1. List pairs: first in the stretch B:35-59 and in a loop (DSSP other than H, G, I, E, B), second of a type in the set (Asp, Glu), Cβ under 9 Å, 6+ apart or cross-chain?
2. Which one of these is open to solvent by 40 Å² or more (accessible area, probe 1.4 Å) and closer than 24 Å to A:ILE113 by Cα: A:GLU296, A:GLU274?
3. So is A:VAL49 buried (at least 18 other Cβ atoms within 10 Å of the Cβ), free of Cβ contacts under 8 Å to residues at least 40 places away in the same chain and within 13 Å of chain B (Cβ to nearest Cβ) or not?
4. Among the residues of the stretch A:125-137, what is the count of those that are more than 12 Å from every other protein chain (Cβ to nearest Cβ) and either among the aromatic types (Phe, Trp, Tyr) or in a loop (DSSP other than H, G, I, E, B) (or both)?
5. Can you go through A:VAL76, A:VAL159 and tell me which one is touching a helix residue (DSSP H, G or I) at 6+ places or on another chain (Cβ under 7 Å), aliphatic (A, V, I, L, M), within 30 Å of A:ASP50 (Cβ to Cβ) and open to solvent by 50 Å² or more (accessible area, probe 1.4 Å)?
6. Out of the residues in the stretch B:76-97 that are open to solvent by less than 60 Å² (accessible area, probe 1.4 Å) and small (Gly, Ala, Ser), which is nearest to B:ILE60 (Cα to Cα)?
7. Hey, any hits in the stretch B:87-96 for a residue that's in contact with a helix residue (DSSP H, G or I) (Cβ under 9 Å, 6 or more places away or on another chain), in a helix (DSSP H, G or I) and not assigned by TED's automatic domain parsing to the domain that holds B:ALA138?
8. Looking at B:ILE100, is it in contact with a helix residue (DSSP H, G or I) (Cβ under 7 Å, 6 or more places away or on another chain) and either within 14 Å of another protein chain (Cβ to nearest Cβ) or at pLDDT 95 or above (or both)?
Amino acid sequence: MAKLTYKMIPEGMLEGKYVPLNIAFIDYREVKNAGVTPRQAFEAVAKTVDGPVGMNIFDQDVVTTTSDGVMVEGTVRFMAAADKGKINPDFGYLEMAEMPYSDELIKEEPHLIQWKKNYPGKRLFRGPDPATKIIPVHNVCISGRASNNNSATEMMNIVTMEEILLPILGQQQILRNGKVILGMTGGIISVGIGMIMPEKFGRVFPTRQFPAGETAHGSGPYAQTLKAHIPCIVADKAVLAENIIKCLEAGCIPGRTVGASPAVLSVARSMGVEIDMGNITDRAYEELGSVGFTKEWMQEKVDILTPEEIIARADEIIPGVVDGTKYNVPDLIKETTIEL
Amino acid sequence: MYLERYSVRIYELSFAFIVISLWTAERVFNMKLMHTKLPEFLEKMRVASEESSNPKPIKIRGLENLTSAKMQSLRTGRIEHAVREMTMKDGVERIEFQVIPRVPETMHTVIIKGVDKDGKAKSAILEVLNILHPTEEAYLLDCDDIEDRRPGIGRH
């Protein structure tokens, strides 16, 4: 009988932070080795949970982009939500769409210059093709109380209305048994997730709705409050620094060809990489300034560091996460094995 | 002579068939076009439950926010029938009647209106708000006997 091993966070308190539903992280290699389809794997996992569960199948062999446009290895390719073992037949399951490489795509989405330089030959997945889903706007799976949203990077219990953020690099670390930070999202990340790049079939937006340098939030001083009190599991800042450095070394310019998020801006400033301040809109400046990332901050002279130094000092250079604690993944999240 | 009488009979039957078909089509057509007023819908459900031959109290939820709405007639009749049917089931003491969005993300327009001291609108801003809702499983956690009579999404 085939077996499936995956990582599971049970609903309830996790090291002092409230996880509002059960969360399963499944490696796509495990699914393929078990000889089942992604949907069958989700159904098998769902049957073991007597409550709401969000489920992600993560493919470590492909690439994706973070919300601010940094290209990283691995992403969720299949997502689902279930409640008391049931996956809603209309709304409980979604697959991400592949974006094939083309010169036209790079022209439309210039942050993808990283692709050929850093990850040649890797397949790219972000969000689903909207034609494959019934839900009109969000890239979300819902079954009963369980909601798995924004292409599997934020999960909610819609009855208790509690939520948790699971940015893609954090999930990469979970699958790799790396290091993560568990904490509260806070104002800086709340602002940062609005500094997106235009992407077709993006993780949050299906069209290239917002240009680089713009904010998707458009909320002024309220942007910092949007996700501030929600727990999150993010990658160790050294991992984030390493990925942003690769992005900037590939030629991406913050505010023009990569999102002007506080994390990207902070690494760029320490690397001495030019920020395209003229391309950042007033609305984006208002949000960035509300959490300290003003024009003056961007122009302030700081010590230029080597990539190695930035990675070593990532915790002090990259802002974000309130009341966070760093964990080795095996110390935080346990593995479960089921028979199929 | 026989053939002539037979032809007349066929003609009469055909005419009758056409009349009946048109009458039926009109009923079906009207039924699909007609919509039930919200207060009438609520009353119909109350009557179906509380004035059933096996009367049961009914609590209707999920429509409280509506003040002016027309309800699909075709389904109104079927739902009345389902309510009556539920009152007749063994062991049922009361009816809980819950309306939730079929598609668990609803798209709303938000109207932000500034009003002057005389109650006249001075200015308005329109925004959009997409709301996520639990699906039916959240309301059926304690129930195993479920008969899903809904057609596929997009069908009447």
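The values are calculated or read from the model by the stated rules, or taken from the named source; none is laboratory data. Note that the coordinates shown come from a computational prediction; the quantities given were computed from them, not determined experimentally. Methodologically, a virtual Cβ is constructed for each residue, glycine included, from the backbone with ideal geometry; neighbour enumeration extends over all protein chains shown. When the accessible area is computed, the model is the full protein with side chains, heavy atoms only, and any ligands, DNA or RNA have been set aside. Shrake-Rupley method; radii C 1.70, N 1.55, O 1.52, S 1.80 Å.
1. Between residues of the stretch B:35-59 that are in a loop (DSSP other than H, G, I, E, B) and residues that are of a type in the set (Asp, Glu), the close pairs are B:LYS56/B:GLU50; B:LYS56/B:GLU93; B:PRO57/B:GLU50; B:PRO57/B:GLU93.
2. Values: A:GLU296 fails: closer than 24 Å to A:ILE113 by Cα.
After applying the criteria, what remains is A:GLU274.
3. Working: buried (at least 18 other Cβ atoms within 10 Å of the Cβ): yes; free of Cβ contacts under 8 Å to residues at least 40 places away in the same chain: yes; within 13 Å of chain B (Cβ to nearest Cβ): yes.
When the stated conditions are applied, A:VAL49 passes them.
4. Going through the stretch A:125-137, the residues more than 12 Å from every other protein chain (Cβ to nearest Cβ) turn out to be A:125-132.
Right, trim to either among the aromatic types (Phe, Trp, Tyr) or in a loop (DSSP other than H, G, I, E, B) (or both) and you get A:125-129.
So the count comes out to 5.
5. On the way: A:VAL76 fails: open to solvent by 50 Å² or more (accessible area, probe 1.4 Å).
Answer to the check: A:VAL159.
6. Applying the filter and picking the extreme gives B:ALA82.
7. First, pick out the residues of the stretch B:87-96 that are in contact with a helix residue (DSSP H, G or I) (Cβ under 9 Å, 6 or more places away or on another chain): B:87, B:92, B:94-96.
In the following step, the residues that additionally are in a helix (DSSP H, G or I) were identified as B:87.
Now drop any that are not not assigned by TED's automatic domain parsing to the domain that holds B:ALA138, which leaves B:87.
Within the stretch B:87-96, one or more residues are in contact with a helix residue (DSSP H, G or I) (Cβ under 9 Å, 6 or more places away or on another chain), in a helix (DSSP H, G or I) and not assigned by TED's automatic domain parsing to the domain that holds B:ALA138.
8. Numbers: in contact with a helix residue (DSSP H, G or I) (Cβ under 7 Å, 6 or more places away or on another chain): yes; either within 14 Å of another protein chain (Cβ to nearest Cβ) or at pLDDT 95 or above (or both): yes.
Yes, satisfied.
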